[in-house]
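J.: Quick one: the structure is below, questions incoming.
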Amino acid sequence: MLRAFAASLFLILTTAMAVAAPARIVILTSAEAADAWQLCEVGSQRAQGLRYNYLGAKAAKTFFSEEEPPAFFFAIDPLTVATATPASLSWRKPIIHYSVLPQDDAKKMEEALHERTREAAGNILNNPALRGKTVVMVWDRRLIADPELDKKFEREAAVTLRQLFHLDILPGVPREWPSNSHDYFWIVDFPENSNVPLKFEMVKQDFGKSFPKVPANDWGEPSGLDKASGCQVAP
């Protein structure tokens, strides 16, 4: 009797989990940064470009509609919050901040980033309030996709969105988000009543002539920025 009850409870819980995923997750990393706390001028322009071209209300190349706006914006640190803020304000939507602030102890900060990423991914995949919705995640690039982290942490203890959202089962999903690639979206679609992804698309940001100083480099290629730009530049 007890075994039958446990089996029934497991079936109910797994069924509930299976139907709770959003219809779409739009993933991007933070705009260009001056330091760990703030965007540089180029990054601030990118955040505005995202608002007017893709992520904001009445954006020129919007992923949304007035009838189906983004349900929530998610962010993890000061840079991702700053990147998401112009777009979220245009919709009058809150940013769900899985807050991790910069600190001197690198190990503790990394552990906090891992823990909060797991929490965010679990909430997004299993929250009935997000079922069938579109959400936007602005996240630390290494916690989106990084082969070293995927190798270090097994599936049960995964810390990257690539693993946590099971994107590794889809063709064409990069194993790493390069440090200079601030100008891309990952669009992940889920079928109805499932938290297993069905489709992946990578979209390059194109702001046309409206934000001419914002880099539009190809995936994995140098951005063309130097230290004189006031932005952090990866080697």
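J.: Going residue by residue through region 126-133, is there one that turns out to be more than 12 Å from the chain's Cα centre (by Cα), of a type in the set (A, V, I, L, M, F, W, C) and within 22 Å of ALA23 (Cα to Cα)?
T.: Yes, region 126-133 contains a residue that is more than 12 Å from the chain's Cα centre (by Cα), of a type in the set (A, V, I, L, M, F, W, C) and within 22 Å of ALA23 (Cα to Cα).
J.: Next question. If the requirement is being acidic (Asp, Glu) and under 24 Å from ALA59 (Cβ atoms), which of these qualifies: GLU192, GLU156, GLU148, GLU201? I'd like the intermediate steps shown before the answer.
T.: Values: GLU192 fails: under 24 Å from ALA59 (Cβ atoms); GLU156 fails: under 24 Å from ALA59 (Cβ atoms); GLU148 fails: under 24 Å from ALA59 (Cβ atoms).
Just a single option satisfies the conditions, and that option is GLU201.
J.: Counting residues that are charged (D, E, K, R), which helices (runs of 4 or more DSSP H) fully inside region 127-235 reach at least 2?
T.: Per the criteria, 141-144, 147-152.
J.: Taking the condition modelled with pLDDT of 95 or more and either more than 12 Å from the chain's Cα centre (by Cα) or surrounded by 19 or more Cβ atoms within 10 Å (Cβ to Cβ) (or both), does ASP168 pass?
T.: No: the conditions fail for ASP168.
J.: Could you list all residues from region 55-87 that are surrounded by fewer than 23 Cβ atoms within 10 Å (Cβ to Cβ), out of contact with any helix residue (DSSP H, G or I) (no Cβ under 8 Å at 6 or more places or on another chain) and in a helix (DSSP H, G or I)?
T.: Listed by number, the residues that qualify are PRO78, VAL81.
J.: Ok, one more. Exactly one condition in (1) crowded, with 17+ Cβ neighbours inside 10 Å; (2) modelled with pLDDT under 95; (3) farther than 25 Å from ALA129 by Cα is not met by ALA36; state its number.
T.: (1)
J.: Counting only residues that are of a type in the set (A, V, I, L, M, F, W, C) and surrounded by fewer than 11 Cβ atoms within 10 Å (Cβ to Cβ), how many does region 97-113 have? Give the derivation first.
T.: Our first condition is that a residue be of a type in the set (A, V, I, L, M, F, W, C); within region 97-113, this holds for 100-101, 106, 109, 112-113.
Then drop every residue that is not surrounded by fewer than 11 Cβ atoms within 10 Å (Cβ to Cβ), which leaves 101, 106.
Total meeting the criteria: 2.
J.: Go through region 22-44 and give me each residue that's outside any loop (DSSP other than H, G, I, E, B) and either of a type outside the set (Ser, Thr, Tyr) or over 16 Å from TRP186 (Cβ atoms) (or both).
T.: Across region 22-44, the qualifying residues are ARG24, ILE25, VAL26, ILE27, LEU28, ALA33, LEU39, GLU41, VAL42, GLY43, SER44.
J.: Right, next: Can you tell me how many residues within region 88-126 are of a type outside the set (D, E, K, R), in a helix (DSSP H, G or I) and over 22 Å from ARG46 (Cα atoms)?
T.: Number of matching residues: 13.
J.: Of all residues in region 209-230, how many are within 17 Å of GLY49 (Cα to Cα) and either touching a residue at least 60 places away in the same chain (Cβ under 8 Å) or in contact with a His (Cβ under 8 Å, 6 or more places away or on another chain) (or both)?
T.: 6
The values are calculated or read from the model by the stated rules, or taken from the named source; none is laboratory data. Note that this is a predicted model, so its numbers are computed, not measured. Every residue, glycine as well, gets a Cβ built from its backbone with ideal geometry; the counts of neighbours run over all protein chains shown.
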